[in-house]
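*Asks:* Here it is, the structure in full.
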Amino acid sequence: MTINGFQTLFYTLSFMVPGFILHTTLSMLVPQRGEHKELSFIRFLTLSCINYALWSWLIYLLIRHDFFIANPIYTAIVWWLIILVSPVLVGVIIAHFHCKETFRKALQRFGINPVHPIPTAWDYRFYETNKPVWVLVTMKDGSQVAGLFGSRSFASSEPGERDLYIQEVFRIDGDEPWQRVPESDGILILGDQIKHIEFWKEEEVEDDAE
């Protein structure tokens with residue numbers, strides 16, 4: 001049996017694209033561990049199979065039901081939903097359960113302590129930061145930067161680029177309260193210059209992102 005160009009395109013679309021879309025959706029919502037590029041094909045294929053397994057009953061109807069056989073337009077629409085829309089929805093649902101650590105907690109009830117899905121403490125701390133917090137960054141040279149990490153701040157999730165942007169900078173003067181630096185528009189700190197970061201939660205912190 002030979003496979004022509006159209007068949008190659010069809011099989012690629014059918015068995016790779018759903019997994020790629022699902023994986024991309026998860027990557028946008030949840031920090032992911034780095035992996036070898038050689039494993040990407042297997043990951044996409046596996047996620048595509050999971051997506052098809054969820055809709056196996058509908059796929060059976062598409063193949064066998066007279067309505068879909070007689071109405072190819074509706075068949076095309078359903079396939080479009082299964083291949084392109086469903087992976088996004090499945091990715092969002094998985095990310096939701098991931099945030100709640102549903103699967104991890106369920107396994108722990110049976111005495112199983114799985115490896116945490118978030119790869120690093122850096123990713124975990126900033127991924128969990130959904131409200132403005134005060135931060136005090138100590139640099140390797142001993143200097144310190146204080147500021148407000150809010151919705152306009154950013155912490156890189158790229159393993160090789162752990163840089164940090166703090167939206168508001170405050171001046172530290174001994175034991176005196178921090179003073180906002182006038183007309184400050186934030187500060188960018190390179191990750192390889194950071195020694196450690198301290199965090200403080202404050203109910204009265206106001207995120208003036210707007």
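*Asks:* Kindly check whether there is at least one residue in the range 109-125 that is open to solvent by less than 60 Å² (accessible area, probe 1.4 Å) and either within 30 Å of Arg180 (Cα to Cα) or at pLDDT 90 or above (or both).
*Replies:* yes
*Asks:* Another one. Regarding the range 24-31, can at least one residue be identified that is within 19 Å of the chain's Cα centre (by Cα), outside any helix (DSSP H, G or I) and either modelled with pLDDT of 85 or more or surrounded by 11 or more Cβ atoms within 10 Å (Cβ to Cβ) (or both)?
*Replies:* Yes, because at least one residue in the range 24-31 is within 19 Å of the chain's Cα centre (by Cα), outside any helix (DSSP H, G or I) and either modelled with pLDDT of 85 or more or surrounded by 11 or more Cβ atoms within 10 Å (Cβ to Cβ) (or both).
*Asks:* Within the range 47-77, track down each residue that is open to solvent by less than 50 Å² (accessible area, probe 1.4 Å) and modelled with pLDDT of 90 or more.
*Replies:* Leu47, Ser48, Asn51, Tyr52
*Asks:* Another question, then. Anything in the range 80-108 that is farther than 14 Å from Met28 by Cβ and either among the charged types (D, E, K, R) or surrounded by 15 or more Cβ atoms within 10 Å (Cβ to Cβ) (or both)? List them, or say none.
*Replies:* Answer for the range 80-108, where residues must be farther than 14 Å from Met28 by Cβ and either among the charged types (D, E, K, R) or surrounded by 15 or more Cβ atoms within 10 Å (Cβ to Cβ) (or both): Ile82, Ile83, Ser86, Lys100, Glu101, Arg104, Lys105.
The values are calculated or read from the model by the stated rules, or taken from the named source; none is laboratory data. Please read all numbers here as calculations on a predicted model, not as lab measurements. All Cβ positions, even for glycine, are placed from backbone atoms using ideal geometry, and neighbour counts span all protein chains on display. Just so you know, the surface numbers come from the protein's heavy atoms only, side chains and all, with ligands and any DNA or RNA stripped out. Shrake-Rupley method; radii C 1.70, N 1.55, O 1.52, S 1.80 Å.
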